[in-house]
């Protein structure tokens, strides 16, 4: 298994993702510069968090036009190739049309940085196979625009197709307005495409890898990816 972590001007979680994949999990991992055209050598591409291109216009709006994203779109159509977009990476996937919907400003119009609880809605994916359906995980968020939105038809399609992978909840798994940190529709924290190989999520699994960081639950998400490639 070989992984690549995309680096845009303004990315600031690329080093965290590199550390999680390479140092913690021992995965052969390289950085992918935003002008790169050769991405097919990777099995997994990570689009990390941060503020790509300063998030000018809106988050991910400029990054979607980068050369690497043109190639990542082609990459997404290949068999046994996985993409995970984390935070700003999720926003970029939405802007690029690789996932449906859009991100709005947080409901309270403030940047949020804290640990939250997330409930696993679908564990039958390459990104969640080491988790149990209904399992509650503790994982941090850090964003200003994490308020996921889509139209009613799209939401119904996401639910019907089992494409909602993670939802914000309280520590007991109750999915309520109070447990929703940003106002996201349907408490959505992460979704996957119908093909099952592109995941976008606002929480940061790479920041929940060791107990010293407050949680090791993020490790289960990245270990699920490793498990997928071991058993494919």
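Computed from the coordinates by the stated procedures, all read-outs in this text should not be read as laboratory data. This structure is a prediction, so every number in the text was calculated from the model and none was measured. Cβ atoms come from the backbone with ideal geometry, glycine included; neighbour counts cover every protein chain shown.
Just to be sure I understand, how many residues within region 63-92 are in a helix (DSSP H, G or I), under 18 Å from residue 42 (Cα atoms) and within 18 Å of the chain's Cα centre (by Cα)?
Within region 63-92, residues that are in a helix (DSSP H, G or I), under 18 Å from residue 42 (Cα atoms) and within 18 Å of the chain's Cα centre (by Cα) number 6.
I'm trying to understand the selection: among the residues of region 175-203, which are surrounded by fewer than 24 Cβ atoms within 10 Å (Cβ to Cβ), touching a strand residue (DSSP E or B) at 6+ places or on another chain (Cβ under 7 Å) and assigned to a loop (DSSP other than H, G, I, E, B)?
175, 179, 180, 181, 183, 184, 197
Within region 1-20, which residues are buried (at least 21 other Cβ atoms within 10 Å of the Cβ) and over 16 Å from residue 87 (Cβ atoms)?
Result: 3, 4.
Among the residues of region 134-146, how many are within 23 Å of residue 224 (Cβ to Cβ) and either touching a strand residue (DSSP E or B) at 6+ places or on another chain (Cβ under 6 Å) or outside any loop (DSSP other than H, G, I, E, B) (or both)?
Looking only at region 134-146, we keep the residues that are within 23 Å of residue 224 (Cβ to Cβ), and these are 134-143, 146.
Right, trim to either touching a strand residue (DSSP E or B) at 6+ places or on another chain (Cβ under 6 Å) or outside any loop (DSSP other than H, G, I, E, B) (or both) and you get 135-143.
Residues meeting the conditions: 9.
Taking the stated definitions as given, is residue 131 under 29 Å from residue 61 (Cα atoms), in contact (Cβ under 8 Å) with a residue 24 or more places away in the chain and either buried (at least 18 other Cβ atoms within 10 Å of the Cβ) or in contact with a strand residue (DSSP E or B) (Cβ under 9 Å, 6 or more places away or on another chain) (or both)?
No: the conditions fail for residue 131.
Conditions tested, residue by residue: (1) at positive phi; (2) assigned to a loop (DSSP other than H, G, I, E, B); (3) crowded, with 16+ Cβ neighbours inside 10 Å; (4) out of contact with any strand residue (DSSP E or B) (no Cβ under 6 Å at 6 or more places or on another chain).
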site	(1), (2), (3), (4)
127	no, yes, yes, no
148	no, no, yes, no
155	no, no, yes, yes
166	no, no, yes, no
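Quick one: which residue in 148, 186, 168 is farther than 21 Å from residue 206 by Cβ, in contact with a helix residue (DSSP H, G or I) (Cβ under 7 Å, 6 or more places away or on another chain) and in contact (Cβ under 8 Å) with a residue 24 or more places away in the chain?
The conditions single out 186.
Considering each of 59, 87 in turn, give the residue that is in contact with a strand residue (DSSP E or B) (Cβ under 8 Å, 6 or more places away or on another chain) and at negative phi.
Only one candidate qualifies: 59.
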